[in-house]
Each structure stands twice: as C-alpha cells, then as structure tokens.
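**Q** This is the structure, below, for whatever I ask next.
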Amino acid sequence: MTSPMKTLVYKMVEQGLIDDATAREVNGLLTTGEPPTRAFAACGLADEALLRFWSEQFDWPYVELEEGSFGKAFLAKFPARILLEKHVIPVQNGDDDVLIVTSNPFDTSAIDELRLATGRDLRLGLAPLADIDRCIKQHLGVGADTVQSMITEAGENGLQVIDTDADEDMDLTDAAEGASIIRFVNQILTEAIELRATDVHIEPFENTLRVRYRIDGVLQETSIASEVKHFQAAIVSRLKILSKLDIAEKRIPQDGRIKILIADREIDVRVSVIPMLYGEAVVLRLLDRSSVLLGLDKLGMSDRDLNVTKTILERPHGIILVTGPTGSGKTTSLYAGLSQINDVQRKIITIEDPIEYQLHGINQIQVSRKAGLTFASGLRSILRHDPDVILVGEIRDVETAEIAIQASLTGHLVFSTLHTNDAPTALTRLVDMGIEPYLVASSLEAVIAQRLVRVICSECKEELAGPELERLKQRFGDAVPEKLYRGQGCRRCQGTGYRGRMGIFEMMVVTDEIRTLILKNASPLDLRQASAKQGMTSLRDDGFRHLQQGRTTVEEILRVTKDDTFSEHNLGGLTT
C-alpha cells in the first residue's frame, strides 16, 4: 500500500502542491506505518485541497454538502450510530446512486458496515470533516452522538423514562446525573454560546422537545433528535441541579442561576422553569461577562444624537432615561454612557438586576429580593454613599421613581431604564405612575428610545433586484436609496442573511418647551411633534439612515419599529 501512496506524494510535488522537503516528511510517516490520512495531513494542505486532489486521482466525487439530499426518511435508512462514530453522511446522488461522504477514504470500515446494514450498493464521496460534522448536527440534531449514548445507558442501567407527574425523585436524580445527560446539557449550552445566542428555550410538546436559540434577537429552532423527548424530565432536572432548584417541585415556577466557564469566558446563566401542559419549560438567559463593552461611538448613533448624548452626559444632575422592550440594548447603551464619564473625580454607583457587565472603577450592587434588597431600598442606601452618578437598572414602581427623582433634584446625575415603546410615552408613563408633572418636568433631562436591528452578513451580502427596489420605492418614497442590499444566507450567518446588530435611536431632549408641555399634561403626540421640530428623529427614520448606508434591510426596520403616522384612515377597508 505504501508504494501507491508514495506515488501520490510524487504527483503532489509535480503539481506544485507541496515541496520536496514536505514530500520526504510524508513518505517517512508512511514508511513507519502511519495511517495515510494522518500522513497526508502532515503536508500542510487544507482539507479541501487535499480531498480535491484525491478526487482527481481516484475518481471519487467531491461533494458540496449544501447541495446534497438529506431527507429524514432517507437518513433513517442508515444506522445513526455508524454515521456518528465514523463521521460519514449518506447523500442521494440520483435515483439509485448513494454516496457515503467521508473525509477519510482510506478507512473503508464505515462503508463496509453501512453496506452490510442496508444491503445497498454504496460509493465513496469526499467532503471536509467540518462540513460533514455540521451536516450531521443539522440533520441528526445537536448532541446526536450523546443521544445515542443516553439510549444505550438507559438500557444498560435499567433507567426508565420518568413521568413528569410521578414522584420518582430518586430515579429522576440518578437519571439527571447520568454522564450522557450531563454531556447533552453541556453541548446545548456550548452550541448556544458558539452561535452567539442570548437565550435558550427548551419547550415540551406532546411528542417532541423543542430547543430554540435567540440569535440577534430572533428565535431559531435547532435540530434535536426525536428520542430526546424521552429524557425531557432528566434534562430539566439536570438544569435544576446546576441552578440549585428543587427537582421535586414541578407545580410552580422556579428561578435560579448558573455560572459556567467556557474557553476562559465566564457566562452567567439565568434559569427560569415554568410548568406547562406537557412538562416543564426552561428558558436560559446567557450573559457573557467577558463581552467587550462598546463605546458610545460604536452603538450606531447618528452624529446629531451622539453629540447630544455627550453634551447631556456632562450635566451635573438630572435624570437620563433609556426606553425600549426587553433585549433592545438599553443596558449596553447605559454602560457606554457611564464609561464615557467614568473618572477618578466622580463616584459612580449602580444597582442592577442582574449585573451584566463588570465595570472597572464603578461600584455595582446586585438586587437580591430574598435578602430584601430591592431597587427602592438599595437606592436609599446608595444616597448615603455620597455618589455623583447613580444607575438604577429599571424603574419598576412609583417608589423607585420618586427616590430617583429626589436624587436628581438633590444634585445627582441619575441613569435608568423604563419599558415604553418610544421616547415621548416615557414622560406620560411617569405621570401615570403617580409622579407629579412638575417633578417630571424639573428632573428629566433626556429620554432615549432604542431598538436593535440586525446587520446584513458581510459574507453573503448582495444587491437587491430592480423590481423589488421599485416596489419599495413606491411604498416608502425617497427614504429608499438607489441601491439596496440583503444577505443571501450562508454558513457564517446560519442561513439568515444577518450577523450582528446595531442600534437605532430616538433622542428626545427635555427643553423648556417640552417642560411646559409636560406641565400641561400634553399627549405623547404633542410631545413628539414638538421634539421633531427640535431635531428628534423617529426610530423608523433613524432605521432608514442605516438603510441608506447599506447596513440593514427594509424588512428588518419594519420588524422592530412602528409607523408613527399610522391612523384610522390608513386602515382602508379594514375599518367599518
């Protein structure tokens, strides 16, 4: 076998793929009995280049796996154990032609076992190992190898599927501590972090267990082997054990947290377990404490909004509110603002739930309801620590709002967040909570509403076709530029066409005119119109600014914003 292999090495030299020194190294390894795949790997060629060379020499097809056929019924004909152990995947290459795609064609044990198991005539195909493993994960499910081990362990150990309504606590504990259950949960968390997910949703249904990741603000379902449903209770129990929750309690919601370390990155996982119709559902919020904190100039603000923000941050007192729904980047913006003014002359104290980033030089307090440390009680204590700047994670009730306003009126600069849809609504929300209009008018300095829009993936970015561009121009007019782009979908962006996010903002500065309107209990519409005259840009218009720069798509802007001009006459035939 060695002689033909050495002939291959000489051909590689002739074609200029490797030099003489590398050829001697490969031949030396072949002489010692090193497996051909490992010996050729020493030549330093990329997997694709080496496999394409073998394809030419042996007439083995090189397969672009994205073009392969991977129907569930087709894959079910092949034992998953062999596919997982040997890192091969079958591809339908015509009506009767089936390729067994491998990155190690000199190991024929996989194709021999599959021929024996299926009774079919099979041929070899070639593809890089990374592509094969990706397809296995995509079509057989994340942790598919572990699922096979879970099934095997369950049979060997006599473990039974645990009924979620039963009280078999001891059996459930044993199942949750099984090596394969532990490994499967770890694989779910690891994949979520690798995909930049912020949340993991584990949802039980009648016949399936669904796992979804929230990536760039949008939920994406991941492939999971159907057999995982049988281990649903053990998986939930494993997560409960990690987060120090009561595994015997399945009737009421529970909240906990896990700290994990992956590749020197500390991840704080907030765990929420809620009983559903077909078992307990789990949502994991992933907070990467090692994330790089963005500066103000990296948030995506326009020049006008950036300059206004920097000016407001230098004010000695007052309240700055950031509004938006959960996951809209409010905390990131607040931290960026704090970092801008963080110096040795100022004492900055925060009270948060949770502490998402650790900021050097800033005193941070974690809310603890069990210990009685709430936003309101913590804020009272903070005021006795002689702060210059205070960050309150969220204004949730009138008590917290009143203390924050009093703090601003007594010479402190206060940052906080509020859950409202836009900037003008924040002012009326405070009044509705029970704060006197004169206190709101005298304490508030600015309100920043924000959303996050996904950015077009740079790897698969392409220009939009003419007819689609014209259709959008007819709908949105001059807001649509002459060239629009979209992401075609590629491996890097998991086929979504987007990778990463950036902010769009609505910056409302509380001027004397706005203060007068607040004292008159003006409506959000009146406040919006007055602010627009002073230069405030709506969220949708700020989104179209990113569209002009080719960063995002119209669909993405429409997804996260509403039309401020929407009224009954826009409904057309929908009204009666």
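The values are calculated or read from the model by the stated rules, or taken from the named source; none is laboratory data. Model, not experiment: these values are computed from the prediction. Glycine gets a Cβ as well: all are built from the backbone with ideal geometry, and neighbour counts include every protein chain shown. The accessibility values were calculated without ligands, DNA or RNA, using every heavy atom of the protein model including side chains. Shrake-Rupley method; radii C 1.70, N 1.55, O 1.52, S 1.80 Å.
**Q** If you count, for each residue, the other Cβ atoms within 10 Å and average over each peptide, how do 389-402, 179-192 line up from highest to lowest?
**A** 389-402, 179-192
**Q** Hey, if you put +1 on the Cβ of every Lys and Arg and -1 on every Asp and Glu Cβ in the chain, which of 101, 275, 184 ends up farthest toward the positive end of that dipole?
**A** Going by the Cα projections, it comes out as 275.
**Q** Sticking with this structure for a sec: So, R0 is 25 Å and r is the distance between the beta-carbons of residue 278 and residue 252; what FRET efficiency does that work out to, to 0.05?
**A** The value I calculate is 0.90.
**Q** First select every other residue whose beta carbon is under 14 angstrom from the beta carbon of residue 499; then total the charges, Lys and Arg +1, Asp and Glu -1.
**A** Summing Lys and Arg as +1 and Asp and Glu as -1 gives +4.
**Q** Just need the relative contact order of the range 300-380 here, percent rounded to a whole number, with Cα pairs under 8 Å and 6+ apart. Mind dumping the intermediate values first?
**A** Working: 49 pairs, mean separation 14.6, N = 81.
About 18 percent, as a whole number.
**Q** Which percent of Cα pairs goes in each bin when the distances of the range 418-492 are cut into 10 angstrom slices starting at zero?
**A** 15, 26, 19, 20, 17, 3
**Q** Please give the peptides 223-235, 16-28 ranked by average Cβ packing (other Cβ atoms within 10 Å per residue), highest first, as a rough proxy for protection. Each step should come with its number before you reach the end.
**A** Working: 223-235: 20.3, 16-28: 14.1.
My ranking of the peptides, most packed first, is 223-235, 16-28.
**Q** Next question. For the chain, what is the charge dipole size about the Cα centre, in debye to the nearest 20, if Lys and Arg each add +1 at the Cβ and Asp and Glu each add -1 at the Cβ?
**A** 1260
**Q** Using only helices, what value at 222 nm comes out for the chain when you add -39,500 (n - 2.57) per DSSP H run of length 4 or more and divide by the total residues, to the nearest 500 deg cm²/dmol?
**A** Numbers: 23 runs with 232 residues, N = 576.
Helix contribution divided over all residues of the chain: -12000 deg cm²/dmol.
**Q** Can you say what percent of the DSSP beta bridges in the chain, counting only those with both residues inside, are antiparallel? Round to 5. Display every interim value, and only then the final one.
**A** Details: 53 of 82 bridges.
Roughly 65 percent of the beta bridges in the chain run antiparallel, per DSSP.
**Q** With +1 assigned to the C-beta of every Lys and Arg and -1 to the C-beta of every Asp and Glu, and no other charges, what is the dipole magnitude of the range 247-368 about the Cα centre in debye, to the nearest 20?
**A** Dipole size: approximately 140 debye.
**Q** Given a 1.4 Å probe and every protein chain left where it sits, what share in percent of the accessible area of the chain is carbon and sulfur?
**A** Numbers: 13790 of 28240 Å².
Carbon with sulfur: 49 percent of the solvent-accessible area.
**Q** A further question on this structure: Scan (i) 53, 31, 24; (ii) 42, 31, 28; (iii) 36, 27, 23 for the value of semi-axes √(5λ) of the Cα gyration tensor in Å calculated from this model and give just the label.
**A** (i)
**Q** Excluding ligands, DNA and RNA, what is the solvent-accessible area per residue of the chain at a probe of 1.4 Å, expressed in Å²?
**A** 49
**Q** Of the peptides 376-382, 270-276, 260-266, how do they stack up when ordered by the mean number of other Cβ atoms within 10 Å, highest first?
**A** Averaged packing, sorted descending, gives the order 376-382, 270-276, 260-266.
**Q** Only sites in a loop by DSSP and with at most 14 other Cβ atoms within 10 Å count here; which trypsin sites (Lys or Arg not before Pro) in the range 428-475 make the cut?
**A** Filter output for the range 428-475: empty list.
**Q** If you project the alpha carbons of the range 333-399 onto their three principal axes, what span does each projection cover, largest first, in Å?
**A** Reported extents, whole Å, longest axis first: 32, 24, 21.
**Q** Turning to a different aspect of this structure: Tell me which chymotrypsin sites (Phe, Trp or Tyr not before Pro) from the range 304-409 have a DSSP coil assignment and no more than 12 other beta carbons within 10 Å of their own.
**A** The qualifying sites: there are none.
**Q** Under the 0.36 nm per residue contour assumption, what length would be gained going from the current alpha-carbon distance of residue 206 and residue 488 to full extension?
**A** Result for the pair: 98.0 nm of gain on full extension.
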